[in-house]
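The values are calculated or read from the model by the stated rules, or taken from the named source; none is laboratory data. Not measured: the values here are computed from a predicted model. FYI the Cβ positions are ideal-geometry reconstructions off the backbone, even for glycines, and counts take in every protein chain you see.
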Amino acid sequence: METTKTKLASPPAAADLEEMLNSLPQHTCSWSKGKYTLHKYQGFWSHRKLLEVAIPAQQSFKARPGDVFLCSYPKSGTTWLKALVYAIITRGKFDKSPLLTTLPHNCLPFLEKELEQIVANQKNSCFAHVATHLPYHSLPESILASNCKMVYIYRNVKDVIVSYYHFSREIAKLTMEDAPFEEAFNEFYQGISLYGPYWDHILGYWRASLERPDIILFLKYEDMKKDPTIHLKRLAEFIGYPFTIEEEKAGVIQSIINLCSFENLSNLEVNKSGCSNGFFGIENRLYFRKAKEGDWKNYFTDEG
Ligand code: PAP
């Protein structure tokens with residue numbers, strides 16, 4: 001795994017950041033008709049716009065003990081995890097939950113996009129719940145130094161590839177005919193994908209979790225689908241918001257599961273027709289495609 005860090009002593013000035021970004025290796029994905037370019041930084045691939053925030057975050061972000069980080073490789077269940085965590089920490093008013101009118105991504109901030117908002121929120125609130133796709137080795141050092149808890153969600157890699165293919169193809173506004181799946185698969189397999197290589201990403205967190213099981217919780221998308229109750233209880237307990245017996249009896253767990261289910265969220269007007277993830281102008285519906293385990297079978301050959 002290539003993890004050589006480009007060390008900066010302090011947050012880079014805009015011109016230095018620009019120069020550094022210009023010097024990074026670039027790759028325009030072959031399936032994308034020139035529309036999807038990734039930059040390689042500290043051994044992983046990302047969009048320039050995300051790096052423009054991630055790099056200063058690495059240098060200046062001061063995590064506090066008690067902050068919780070929701071970590072994932074893209075398309076592994078981030079939207080669901082964000083919705084669940086938000087519903088856990090704001091439980092009590094399900095019929096008026098902001099999740100009914102707001103994209104889950106806008107309920108909890110994302111480190112590589114909303115750094116300024118996160119820092120501003122630190123002045124008002126006790127603890128933050130922040131999402132990130134950064135690999136473990138590239139997290140801001142304060143997250144590790146403060147022993148912040150991390151929840152890592154992962155998913156069958158073949159379904160991740162299919163989900164990633166459709167998401168990035170739609171962002172590039174290409175049809176399936178114009179963006180051959182086989183080419184996207186080959187690049188992913190070679191490690192060239194957003195926040196890829198995939199295996200470096202998952203292994204980085206996995207190895208760290210073996211050393212620090214008390215601060216990193218691994219959740220598997222498919223297990224959560226199969227038995228959401230048990231995993232929601234683990235999640236709530238881990239992030240410091242355990243359910244009381246009274247809450248369990250009152251059906252709070254089931255209410256959260258229902259509120260955050262794909263069926264519920266994907267049918268909300270905001271998630272069907274909104275376009276509120278301003279950073280890239282991504283339509284909300286793109287975060288809610290099928291949510292089926294094993295969709296890869298429709299794309300892979302027997303050898304795949
Ligand atoms: P992101 O990394 O861009 O935020 P992420 O949420 O991790 O994406 O992954 C999107 C996948 O989660 C989609 O899978 P699919 O392409 O195979 O359909 C999406 O449908 C699925 N998803 C979104 N919301 C939910 C949910 N509430 N429950 C289960 N799966 C969901």
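The table that follows gives values for the structure above.
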{"item": "Check on Glu183, away from the ligand (no atom under 16 Å from the Cβ), closer than 14 Å to Trp31 by Cα, in contact (Cβ under 8 Å) with a residue 12 or more places away in the chain and assigned to a helix (DSSP H, G or I)", "result": "yes"}
{"item": "Where Lys75 falls short, out of the listed (1) over 17 Å from the mean Cα position of the chain (by Cα); (2) at positive phi", "result": "(1)"}
{"item": "Boolean, Thr28 is within 22 Å of Gln254 (Cβ to Cβ), of a type in the set (Ser, Thr, Tyr) and at pLDDT 95 or above", "result": "no"}
{"item": "Segment 87-108 residues that are closer than 12 Å to Val252 by Cβ and of a type in the set (A, V, I, L, M, F, W, C), paired with ones that are more than 14 Å from the ligand (Cβ to nearest atom) and in a loop (DSSP other than H, G, I, E, B) (beta carbon under 6 Å, 6 or more apart)", "result": "Ile88/Tyr241"}
{"item": "Options Ala87, Ala54, Ala83; residue that is out of contact with any strand residue (DSSP E or B) (no Cβ under 9 Å at 6 or more places or on another chain), among the small types (Gly, Ala, Ser), assigned to a helix (DSSP H, G or I) and farther than 18 Å from Ser125 by Cβ", "result": "Ala83"}
{"item": "Residue in segment 204-211 that is touching a Lys or Arg at 6+ places or on another chain (Cβ under 7 Å) and either buried (at least 16 other Cβ atoms within 10 Å of the Cβ) or not in a helix (DSSP H, G or I) (or both) present", "result": "no"}
{"item": "Options Pro228, Pro242, Pro197; residue that is touching a strand residue (DSSP E or B) at 6+ places or on another chain (Cβ under 9 Å) and at pLDDT 95 or above", "result": "Pro197"}
{"item": "Given (1) part of a helix (DSSP H, G or I); (2) surrounded by 12 or more Cβ atoms within 10 Å (Cβ to Cβ); (3) near the ligand (Cβ under 9 Å from one of its atoms), index of the condition Glu293 fails", "result": "(1)"}
{"item": "Looking only at segment 269-281, and only at residues there that are within 11 Å of the ligand (Cβ to nearest atom) and either in contact with a Lys or Arg (Cβ under 7 Å, 6 or more places away or on another chain) or over 16 Å from Cys107 (Cβ atoms) (or both), the one that is modelled with the highest pLDDT", "result": "Asn271"}
{"item": "Condition broken by Asn264, with the remaining ones in (1) farther than 19 Å from Lys75 by Cβ; (2) more than 9 Å from the ligand (Cβ to nearest atom) satisfied", "result": "(2)"}
{"item": "Matching residues in segment 118-176 - criterion: being part of a strand (DSSP E or B), in contact with a helix residue (DSSP H, G or I) (Cβ under 8 Å, 6 or more places away or on another chain) and within 16 Å of the ligand (Cβ to nearest atom)", "result": "His129, Val130, Ala131, Met150, Val151, Tyr152, Ile153, Tyr154"}
{"item": "Test: residue in segment 95-108 that is assigned to a helix (DSSP H, G or I) and away from the ligand (no atom under 16 Å from the Cβ)", "result": "yes"}
{"item": "Residues of segment 231-256 that turn out to be within 16 Å of the ligand (Cβ to nearest atom) and either out of contact with any Ser or Thr (no Cβ under 8 Å at 6 or more places or on another chain) or on the phi > 0 side of the Ramachandran plot (or both), as a count", "result": "5"}
{"item": "Subset of segment 73-96 [of a type in the set (Gly, Ala, Ser), modelled with pLDDT of 95 or more and more than 28 Å from Lys158 (Cα to Cα)]", "result": "Ala87"}
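Rundown of residues vs (1) basic (Lys, Arg); (2) over 16 Å from the mean Cα position of the chain (by Cα), yes/no style:
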{"position": "His133", "(1), (2)": "no, no"}
{"position": "Ser142", "(1), (2)": "no, yes"}
{"position": "Asn147", "(1), (2)": "no, yes"}
{"position": "Arg155", "(1), (2)": "yes, no"}
{"position": "Phe167", "(1), (2)": "no, no"}
{"position": "Phe181", "(1), (2)": "no, yes"}
{"position": "Phe185", "(1), (2)": "no, yes"}
